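Written out below as structure tokens is the structure these notes cover.
The values are calculated or read from the model by the stated rules, or taken from the named source; none is laboratory data. Model, not experiment: these values are computed from the prediction. Virtual Cβ from ideal backbone geometry, glycine too; neighbours counted across all protein chains shown.
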Amino acid sequence: MIVRVATQARQSRSSRVVIATDDERIAQVTRAADFETVITRSDHVSGTDRLAEAIDLLGLSDNCVVVNVQGDEPFIPPALIDQVAEELMMHEDAAMATICHPISAYEEFHNPNVVKVVLDRWNYASYFSRAPIPFTRDSGDAGWLDAYPAEHLPYRHCGVYAYRASFLRLFPTLTPAPTERIEKLEQLRALWHGYRISVLITEQSLAFGIDTEQDLKAANEMLLRQKHNNS
């Protein structure tokens, strides 16, 4: 799965694709697939903390833009990687950038494995949560989506981030936020300390990540269908 993620990333306009892991077994597989790989410590509390160590191991300069694609996103569109990097470069006041898309399925909205994001009027993140936010107090299950105005739909967060290397070096020095510990969402640390996260809204429905055994089964079935259709 990680090799597939890296293969998708290599199709973007990124100048370099590197895998950061604390597991030698993963490193053996990714290096055999001809991907640059760095071994990091195993005590990082989040992927962003791991990335902060990786950029020092790679000797990246502070002004480099780094996109973090998590290893459980085997269907990440390469264009999305380019778009989130461009989003950060267009917003100098943002420490991070990420992507979301509108949610239309009730089950998805109430799934705790699907992270939701609420935006302010300038499309900066106000909050991320595993809970269904923003919650419509007066609507029932039927017709629930009709209660949302067109300019403020419920959004699913796609877990791909762009950072400047300078902020990545700062991130591990920030105290983990109480909300980060509760939700198990590392991006809440940045919001807690007052840093802005610019969010690009895409109308493209993004492929699912692999969070559960059921997701893995669905992913394998989808790959088999694709292979069959291409044969």
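Go through (1) of a type in the set (Phe, Trp, Tyr); (2) under 13 Å from the mean Cα position of the chain (by Cα); (3) in a loop (DSSP other than H, G, I, E, B) and name the single condition Tyr195 misses.
Of (1) of a type in the set (Phe, Trp, Tyr); (2) under 13 Å from the mean Cα position of the chain (by Cα); (3) in a loop (DSSP other than H, G, I, E, B), only one is false for Tyr195: (2).
Which of the following residues is in contact (Cβ under 8 Å) with a residue 60 or more places away in the chain, of a type in the set (Asp, Glu) and farther than 12 Å from Ala165 by Cα: Asp56, Asp72?
Values: Asp56 fails: farther than 12 Å from Ala165 by Cα.
After applying the criteria, what remains is Asp72.
Counting only residues that are closer than 21 Å to Arg121 by Cβ and of a type in the set (Gly, Ala, Ser), how many does the range 157-206 have?
The number of residues fulfilling the criteria is 3.
To keep it simple, each residue is scored yes or no on (1) hydrophobic (A, V, I, L, M, F, W, C); (2) in contact with a strand residue (DSSP E or B) (Cβ under 6 Å, 6 or more places away or on another chain).
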residue: Ala52; (1), (2): yes, no
residue: Asn63; (1), (2): no, no
residue: Asn68; (1), (2): no, yes
residue: Gly71; (1), (2): no, no
residue: Ile76; (1), (2): yes, yes
residue: Asp82; (1), (2): no, no
residue: Lys116; (1), (2): no, yes
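What about Arg25, is it surrounded by fewer than 14 Cβ atoms within 10 Å (Cβ to Cβ), closer than 20 Å to Ile210 by Cα and of a type in the set (D, E, K, R)?
Working: surrounded by fewer than 14 Cβ atoms within 10 Å (Cβ to Cβ): yes; closer than 20 Å to Ile210 by Cα: yes; of a type in the set (D, E, K, R): yes.
Considered against the rule, which asks whether it is surrounded by fewer than 14 Cβ atoms within 10 Å (Cβ to Cβ), closer than 20 Å to Ile210 by Cα and of a type in the set (D, E, K, R), Arg25 comes out as yes.
If you go through the range 151-175 one residue at a time, how many are more than 26 Å from Tyr106 (Cα to Cα), in contact (Cβ under 8 Å) with a residue 24 or more places away in the chain and either of a type in the set (A, V, I, L, M) or surrounded by fewer than 16 Cβ atoms within 10 Å (Cβ to Cβ) (or both)? Give the derivation first.
Pass one, the range 151-175, residues more than 26 Å from Tyr106 (Cα to Cα): 162-175.
Checking which are in contact (Cβ under 8 Å) with a residue 24 or more places away in the chain leaves us with 162-169, 171-172.
Right, trim to either of a type in the set (A, V, I, L, M) or surrounded by fewer than 16 Cβ atoms within 10 Å (Cβ to Cβ) (or both) and you get 162, 165-166, 168.
Counting residues in the range 151-175 that are more than 26 Å from Tyr106 (Cα to Cα), in contact (Cβ under 8 Å) with a residue 24 or more places away in the chain and either of a type in the set (A, V, I, L, M) or surrounded by fewer than 16 Cβ atoms within 10 Å (Cβ to Cβ) (or both) gives 4.
Pairs, please: C-beta under 7 Å, at least 6 apart or cross-chain, first residue at negative phi and in the range 84-100, second part of a loop (DSSP other than H, G, I, E, B) and at pLDDT below 95?
Pairs that qualify, where the first residue is at negative phi and the partner is part of a loop (DSSP other than H, G, I, E, B) and at pLDDT below 95, are Ile99/Thr202.
Yes/no per residue for (1) acidic (Asp, Glu); (2) touching a residue at least 40 places away in the same chain (Cβ under 8 Å); (3) in a helix (DSSP H, G or I):
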residue	(1), (2), (3)
Asp43	yes, no, no
Leu51	no, yes, yes
Ser61	no, yes, no
Val66	no, yes, no
